[in-house]
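The values are calculated or read from the model by the stated rules, or taken from the named source; none is laboratory data. Small disclaimer: the values here were computed from a predicted structure and weren't measured. Cβ sites come from the backbone with ideal geometry, for glycine too, and all protein chains shown count toward neighbours. For accessibility, only protein heavy atoms count, side chains too; no ligands or nucleic acids. Shrake-Rupley method; radii C 1.70, N 1.55, O 1.52, S 1.80 Å.
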Amino acid sequence: MHGTKPAALVTNAAGFAGPPAVDALLAAGFRVLAHDRSFGDDAVWAAYARGRGGLDRIDGDTPEACVEQAFALCDTLSALVSNDHYPAPLHDTPDVDPDVLRANFEALVAFPFALVRAALPRLYGQDRANIVLITSNRMRLPMAGAAIPEAVRAAANGLVRPLAVECAPHGVVVNAIAPNFLYSEAYYPNAVFRDTEAGRRYIADSVPVGRLADPAEIGEVIAFFATVKSRFMTGAVIDFSGGWPFGTPRPEAGD
């Protein structure tokens, strides 16, 4: 029964780390409140929910609406997973429209901040809660043309520690998982990175593990942070990138 299960809200559940987060949390025994704006379409929701028992629909357009819908369905939230993603094509800085920066910031920083802000008064009234932000560690190796996504992802990671400090006295922990080289059609589509020799070689040369991450692997880490009991485990930004970035050995004399 729903009433006997802990509840978890997963935002933007249709993309990026959303599906593996939902599946891992269902497997861990959660009642999952799955949010996506596309779920306002009954056919989209039915296709997503098929085979996923224990799932409830959240389709709010704003972070505040998501929180209101979630707490209308359950009295407490044990976990809040803010799964934030946005298209990240490369742009030469002189050619980029500043509105692209604003849109990235809105999706990747303002939305999770507003979500947490709206939820905290309710979470503070509980015994405990776990907040998990899905961000990125792409800025560890700067790339030409990536000033906007890397700056915005850095800002998202910058939310974690001050929020953790603020929430700590209330029994709420805040952590982030920062992936790169996670398979998704949005960022690392099969048609390029698995189906072409150039794509496979790029992954093999870039990632010590030698492959893209399977989505189920990040689901396992999300479930860990959503279920962690220690209140000391807070303020962490955990890289999930197969050992990337790394340096190649320097040449020796005579090479």
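Quick look at the values:
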item: Whole-number D in µm² s⁻¹ for the chain, Kirkwood Cα-pair radius fed into Stokes-Einstein, 20 °C, 1.002 mPa s; result: 112 µm²/s
item: Protein-only accessible surface order, largest first, of Phe16, Phe246 at 1.4 Å; result: Phe246, Phe16
item: Helical contribution to [θ] at 222 nm, DSSP H n ≥ 4, -39,500 (n - 2.57), averaged over the chain, rounded to 500; result: -11000 deg cm²/dmol
item: Solvent exposure ordering (accessible area, 1.4 Å, most first) of Arg211, Arg57; result: Arg211, Arg57
item: Using distinct alpha-carbon pairs, which all enter the 1/r mean, Kirkwood radius of region 146-205 in Å; result: 14.2 Å
item: Sulfur and carbon atoms: percent of accessible area, the chain [1.4 Å]; result: 57 percent
item: Relative contact order [Cα under 8 Å, 6+ residues apart], region 67-145, whole percent; result: 55 percent
item: Region 1-141 - convex hull of alpha carbons, volume per residue in Å³; result: 131 Å³
item: Per-residue SASA entry for Trp45, accessible area with 1.4 Å probe, Å² rounded to 10; result: 40 Å²
item: In Å², nearest 10: area of Thr4 left accessible to a 1.4 Å probe; result: 110 Å²
item: Whole-number percent relative contact order across the chain, with pairs defined as alpha carbons under 8 Å at least 6 apart; result: 20 percent
item: Accessible surface, 1.4 Å probe, highest first, among residues Thr234, Thr93, Thr135, Thr227; result: Thr93, Thr227, Thr234, Thr135
item: Directionally averaged projected area (convex hull, Cα atoms, region 1-74), nm²; result: 4.5 nm²
item: Bins of 10 Å, starting at 0 and running to the largest distance - Cα pair percent for region 101-202; result: 13, 37, 28, 15, 6, 0
item: Sparse-neighbour loop sites [GluC sites (Glu not before Pro); region 121-213; at most 13 other C-beta within 10 Å; DSSP]; result: Glu185
item: Residues of region 166-255: accessible area per residue with a 1.4 Å probe, Å²; result: 56 Å²
